[in-house]
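Take a look at the structure below.
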Amino acid sequence: MSDPLIACVPAIALVRALVTVRQTVATAESLTAGLLAATIAGVPGASAVLRGGLVVYATDLKHSLAGVEAETLATEGPVAASTAEQLAVGARTRCRADWGVGLTGVAGPDSQDGHPVGTVFLGLAGPGHTEVMRLKLSGDRWTIRIGATHTAVSELLRCVREAGTDAAERVGRGG
């Protein structure tokens, strides 16, 4: 039986892209609770690019394991753009990876701290690049969690490809 997670997520393309550019990835996951790392690990050859993952479901672990500032968690909360960004940076630095991905949000069934079910923040941190996006997903807990995982893989793939293109252009220009 093949891995059902990689059937619905472009994880094979992500692993191939990371192998091609000789880069690695690490994750810090809250609402997905390791689903992103497990999805990447489902691809044969992923050990060449997946450094590791932090499951930081509890708010205090976002600080102690992933390095999210205590002040950020106190003022903005665990479901926030700044938290996702710091999760991504924390995954990258603590796991010594080229890319870090942070995921935090509300899978339901109830809203959290004024955020409706389906609110997800995705943080991406890489060489000279950091970005955060807010997602509005719908469905049950599984649908939201797999949707967040799909988007994280797709967006990281985009970033890796763009970074590879930028590096090739710099080399082509003699830079």
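The values are calculated or read from the model by the stated rules, or taken from the named source; none is laboratory data. Bear in mind that the values here come from a model prediction, so they are computed numbers and not experimental data. Don't worry about glycine lacking a Cβ; one is built from the backbone with ideal geometry, like all the others, and counts go over all protein chains shown. Note: areas computed on protein heavy atoms with side chains; ligands, DNA, RNA excluded. Shrake-Rupley method; radii C 1.70, N 1.55, O 1.52, S 1.80 Å.
Just a few scattered comments:
- Selection from the range 19-37 of residues that are under 16 Å from Cys95 (Cα atoms), surrounded by 20 or more Cβ atoms within 10 Å (Cβ to Cβ) and not charged (D, E, K, R): Val25, Ala26, Thr27, Ala28, Leu36, Ala37
- The number of residues in the range 1-46 that are closer than 18 Å to Gly105 by Cβ and either touching a Pro at 6+ places or on another chain (Cβ under 7 Å) or outside any helix (DSSP H, G or I) (or both) comes to 9.
- Of all residues in the range 47-71, those that are more than 19 Å from Ala97 (Cα to Cα) and in a loop (DSSP other than H, G, I, E, B) have Cβ atoms under 8 Å from Cβ atoms of residues that are modelled with pLDDT of 95 or more and among the small types (Gly, Ala, Ser), 6 or more apart or on another chain, in Tyr57/Ser30; Tyr57/Ala33.
- Any hit, the range 165-172, residues being under 15 Å from Val25 (Cα atoms) and touching a residue at least 60 places away in the same chain (Cβ under 8 Å): no
- Close pairs from the range 97-108: first among the polar types (S, T, N, Q), partner open to solvent by 10 Å² or more (accessible area, probe 1.4 Å) and in a strand (DSSP E or B), Cβ under 6 Å, at least 6 apart: Thr104/Phe121
- Qualifying residue in the range 109-122 (condition: surrounded by fewer than 14 Cβ atoms within 10 Å (Cβ to Cβ) and touching an Asp or Glu at 6+ places or on another chain (Cβ under 9 Å)): yes
- Test: residue in the range 69-81 that is open to solvent by less than 20 Å² (accessible area, probe 1.4 Å) and touching a helix residue (DSSP H, G or I) at 6+ places or on another chain (Cβ under 6 Å): yes
- You will find that of Ala152, Ala80, Ala84, the residue that is in contact (Cβ under 8 Å) with a residue 40 or more places away in the chain, of a type in the set (A, V, I, L, M) and under 15 Å from Leu35 (Cβ atoms) is Ala152 and no other.
- For the range 82-100, a residue qualifies if it is open to solvent by 60 Å² or more (accessible area, probe 1.4 Å) and either in contact with a Leu (Cβ under 9 Å, 6 or more places away or on another chain) or farther than 15 Å from Val132 by Cα (or both), and the qualifying residues are Glu85, Thr93, Arg94, Arg96.
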